[in-house]
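Working notes for the structure below.
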Amino acid sequence: MTVLVLTKQYDPVADMVVNELNTRRAPVVRLDPGDLPGDAFTARLDGGAAGWTGTWRGRHRDLDLGAVTAVYWRRPSSHQLPEGMAPDVHRWAAAEADAGFGGVLRALSCTWVNHPHRNKAATSGPRALAEAARCGLRIPRSLVTDEPEAAREFIASLPCGIAAYKAIGAGGPTSRGGTTYASWTSKVRAEEITDAVTATAHYFSEWIDKAHEVRVTAVGGRLFAAEIHTRSQAAREDFRRDYGACTYKVCDVPDEVVCGIRNLMKTFGLRYAAMDFLVSHAGMWHLCDVNPNGQYGWIEELRAPITRAIAEVLEGP
């Protein structure tokens, strides 16, 4: 039995899970696919039911591929290729590295938290919200468009005449130095929409006058929830803008929301996910975001329980 943790060098969340597994004396190997090529990696498929076998000799630890019983897929870095390649050769080599090294790893038949294919499906905002609605969760009215007039009409039709705008993909615009910035949620009115909307897809949703937000972290069949209360206007629009203005309170999840979350986890085949809800003054929970690989360590009271729950899933049959 070996638990394989796949992530980049600096990952405090992975550190917590590895430490918990070590405390439990569970065999664990932490590696980064970004070190491939470079590390010695050889895998064989002999046609039997055992799947791929072989060895990955990492910088600090070696891995017997055939011994892996669980994989914790966190945030591995991109494959680091030799310098000096022509651009077309670099693209080809990167694709081959992902298809070869990544293909073998993704083919491991074991417990995944979560398999990257399942993460990718659940990371698609439009799909995740549509599936969540089918699973019985309440979703804010939403629009995806590149037409300014459609955006104006949608926002004007909302009860409060205000929409939330946020990015629906990963990352955001980059500086000339290559630094990636997040795209925070912002309030927008119909008269603020310009022709810049035509540049790409834009996502708008009904602005919910919330009493507070709730972060729900699902691990296996267990749910861990905390209310997020904010003291600044910036944090009220998006709590990530001003963590210093946030306080947290562990809370329960209503039964109908529990049912919807569990159905959604089953739909995507996830063992872990972080979900954000806007709770109205009337107590209605509106799902606004699903992150199948979201952080959880920033809510101190839930940090240890969630870490233990992840370790238990990875140790389980």
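The values are calculated or read from the model by the stated rules, or taken from the named source; none is laboratory data. Remember, predicted model here, so these are calculated numbers, not experimental data. Because the Cβ atoms are built from the backbone with ideal geometry, glycine has one as well, and the counts that use them run over all protein chains shown.
For segment 11-24, give me each residue that is free of Cβ contacts under 8 Å to residues at least 24 places away in the same chain and within 20 Å of PRO116 (Cβ to Cβ).
Correct list: VAL18 only.
Output the number of residues of segment 232-254 satisfying the condition of being charged (D, E, K, R) and farther than 15 Å from VAL214 by Cα.
Selection size over segment 232-254: 2.
Would you check which residues across segment 1-31 are among the charged types (D, E, K, R) and either in contact with a strand residue (DSSP E or B) (Cβ under 7 Å, 6 or more places away or on another chain) or not assigned by TED's automatic domain parsing to the domain that holds ARG59 (or both) and list them?
Residues of segment 1-31 that are among the charged types (D, E, K, R), as a first pass: 8, 11, 15, 20, 24-25, 30.
Residue satisfying the conditions is ARG30 alone.
Scan segment 25-44 and tell me whether some residue there is over 30 Å from ALA273 (Cβ atoms), among the small types (Gly, Ala, Ser) and free of Cβ contacts under 8 Å to residues at least 60 places away in the same chain.
yes
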